[in-house]
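Visitor: The structure that follows is given in the form of structure tokens.
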Amino acid sequence: MSGLARHEAIAGMISILPWLVGFLVFTAGPIVASLIISLMRWDVVSPARWVGLENYVDIFSRDPDFRQALKVTLTYAALSLPLTLVLGLAISLLLNLRLRGMNIYRTLFYIPAVLPGVAVTIMWVWIFNPEFGIVNHFLSLVGIQGPRWFYSPRWALPAVIIMGLWPVGGQAIIYLAGLQNIPPHLYEAATIDGAGAWQRFWRVTIPLLTPTIFFQLVMNLIGCFQVFTEAYIATNGGPLKSTLFYMLYIYNYAFRSMRMGYGCALAWILAVVILLVTLIVFRSSPYWVYYEAEQARR
């Protein structure tokens, strides 16, 4: 290695050193520590005691709340994910129209995505209040008696799903970037060939937007397994554990019951579930995700 190359290598190592130290101390270190703690029984106050796989055995064999938390989280993901993807795409199609003042509309739709989660959740608690909430008020105007929403085991989870659609404008902006990356000449060629608006949407827009849809699918899927603020603020897992999301379930054990080993074991199970589901999505991508550059190379 020449002197110049050695100097550049040293300069590069020095440049990445702050990030590397931060990664080892604040990311890699806690990950390894949580795995070790998951094999212990530790209440933070008393010395940790090694129990091996006992925490994992208890979770799968003796804890009924584990199945309930997993059921609630999977149900939320199954219902919320399609709604979020479709609604975000629909909004992006509207935001892609060439209208005067469209930049203002795009900003307005994006603002909810950057608002604090706690404040937004409190707002939705007021909106869904069965006594003076505006949702039940409008339902009463058409002769419908509104449900008790967050106070009802039947309606609490649907209310959280509706609340989760609030920041969909941020995802619409990502879709919008994908839409504007589609070459206009493809639409022109399709129009010349006699394709209508619906055919252009299905034959041109959707195939070329599949990479963006794939990204949104993965990110939203991971986000569905990490719902916490909404359940913690609005329902605290109730009523009757109907909104006991998995992240709230971990929080209850780790920071309320101070069973850190048990909580870390739950977190690692969640990590494995997210990893498996994400891998399934990635393995399916060659069958439905269209990359124009790859097709050109072929």
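Visitor: What is the set of long-range amide H partners of V51 at a cut-off below 5 Å, with H atoms built 1.01 Å from backbone N?
Guide: HN-HN under 5 Å from V51: M40, R41.
Visitor: Further question on the same structure: Using DSSP to define loop residues, name the chymotrypsin sites (Phe, Trp or Tyr not before Pro) in the stretch 230-295 whose beta-carbon has at most 16 other beta-carbon atoms within 10 Å.
Guide: Sites meeting the loop and neighbour criteria: W288, Y290, Y291.
Visitor: Separate question: Dividing the alpha-carbon radius of gyration of the stretch 59-297 by 2.2 N^0.38 Å (N being the number of residues), what value is obtained?
Guide: 1.19
Visitor: Using DSSP to define loop residues, name the chymotrypsin sites (Phe, Trp or Tyr not before Pro) in the stretch 67-135 whose beta-carbon has at most 16 other beta-carbon atoms within 10 Å.
Guide: Here the chymotrypsin sites (Phe, Trp or Tyr not before Pro) that fit, given the DSSP loop and packing criteria, are F132.
Visitor: Once you order the gyration tensor axes a ≥ b ≥ c over the Cα atoms, which shape class does the stretch 91-219 get: rounded for a/c under 1.5, otherwise prolate or oblate by comparing a/b with b/c?
Guide: Prolate, because a/c is 1.5 or more and a/b exceeds b/c.
Visitor: Further question on the same structure: Quick one: Debye curve from the C-alpha atoms of the stretch 16-89, no solvent, what's log10 I(q)/I(0) at q = 0.14, 0.16, 0.18 Å⁻¹?
Guide: So the normalised log intensities work out to -0.79, -0.87, -0.89.
Visitor: Would you mind calculating the gained length between Q145 and E8 on full extension (0.36 nm times residue separation, minus the Cα-Cα distance), in nm to one decimal? Can you show the working numbers first?
Guide: Numbers: separation 137, 0.36 × 137 = 49.32 nm, distance 7.14 nm.
Gain in length upon complete extension: 42.2 nm.
Visitor: May I pose another question? Among the helices of the chain (complete DSSP H runs), which have Cα atoms covering no less than 27 Å along the helix axis and a Kyte-Doolittle mean of at least 0.0?
Guide: Passing helices, by number: 3-23, 64-95, 260-284.
Visitor: Please give the contour-minus-distance gain from Y105 to E54: 0.36 nm per residue of separation, less the Cα-Cα distance, rounded to one decimal in nm.
Guide: Result for the pair: 12.9 nm of gain on full extension.
Visitor: Right, something else. So if each residue of separation counts as 0.36 nm, and I subtract the Cα-Cα distance between S15 and L35, what length gain in nm does that give?
Guide: Additional length available on full extension: 4.2 nm.
Visitor: Once the convex hull of the alpha carbons of the stretch 7-156 is built, what does its volume come to per residue, in cubic angstrom? Spell out each step's value before the answer.
Guide: Details: hull volume 41.8 nm³, N = 150.
Convex hull volume per residue, Cα atoms: 279 Å³.
None of the figures in this text is laboratory data; all of them are computed from the coordinates on show. These numbers come from a predicted model, not from an experiment. Positions of Cβ are backbone-derived with ideal geometry, glycine not excepted, and every protein chain shown enters the neighbour counts.
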